[in-house]
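Below is one structure, written out as structure tokens; comments come after it.
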Amino acid sequence: MTDSAGRLRPDALRRAPGRGVYVCPSLRCIRAAVKRRGFARGLRRKIVPTKPEDLAAKIAGELKEQASALARRALADGRARASEQDGEFERLLGEVQPLRVIDPGLREVLTSLAEQMCRLWAELAPPGGAVK
């Protein structure tokens, strides 16, 4: 997805209107798509040049934001509950409150989003260091 200025904008849940493109959530795939102009070709429009690392960080941030929003909605509608014990996702999603997911479908979605996010952050981390 792009904004009106042609900047790439991640849409982790694929809910935004308009044309979109898929790229696997790995730095290698993102680099290849940028190098081969796959985003411009798939979106059928000019794209503002973007560093693959910056785009990967935006995608990881979008994954975290979407996973956190899903977790909050699940708490509100009963598909997840607060837990006195260690929860499943709070460390990955940055949530303070331990969370137990009751709905197996939701657990699968949250696990997938969290794994993709963690994989991207690990690829972006400098050797022996943390991501800034």
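The values are calculated or read from the model by the stated rules, or taken from the named source; none is laboratory data. Here the structure is a predicted model, which is why all the values come from computation and not from measurement. Reconstructed Cβ throughout: ideal geometry from the backbone, glycine too, with neighbour counts over all protein chains shown.
Checking region 107-122 against the condition returns no match, with no residue being among the polar types (S, T, N, Q), at pLDDT below 85 and touching a Lys or Arg at 6+ places or on another chain (Cβ under 7 Å).
Contact map, region 24-36: residues that are within 15 Å of Leu8 (Cβ to Cβ) paired with residues that are polar (S, T, N, Q), Cβ distance under 8 Å, separation 6+ or inter-chain. Pairs shown: Pro25/Gln116; Val34/Thr50. The lone criterion from (1) buried (at least 16 other Cβ atoms within 10 Å of the Cβ); (2) modelled with pLDDT of 80 or more; (3) part of a helix (DSSP H, G or I) left unmet by Ile47 is number (3). Checking each residue in region 25-44 for being surrounded by 14 or more Cβ atoms within 10 Å (Cβ to Cβ) and in a helix (DSSP H, G or I) picks out Leu27, Cys29, Ile30, Arg31, Ala32, Ala33, Val34, Gly38, Phe39, Ala40, Gly42, Leu43. Check whether at least one residue in region 16-31 is polar (S, T, N, Q), at pLDDT below 85 and either within 26 Å of Leu124 (Cα to Cα) or over 17 Å from the mean Cα position of the chain (by Cα) (or both), and report yes or no. For region 16-31, residues polar (S, T, N, Q), at pLDDT below 85 and either within 26 Å of Leu124 (Cα to Cα) or over 17 Å from the mean Cα position of the chain (by Cα) (or both): absent.
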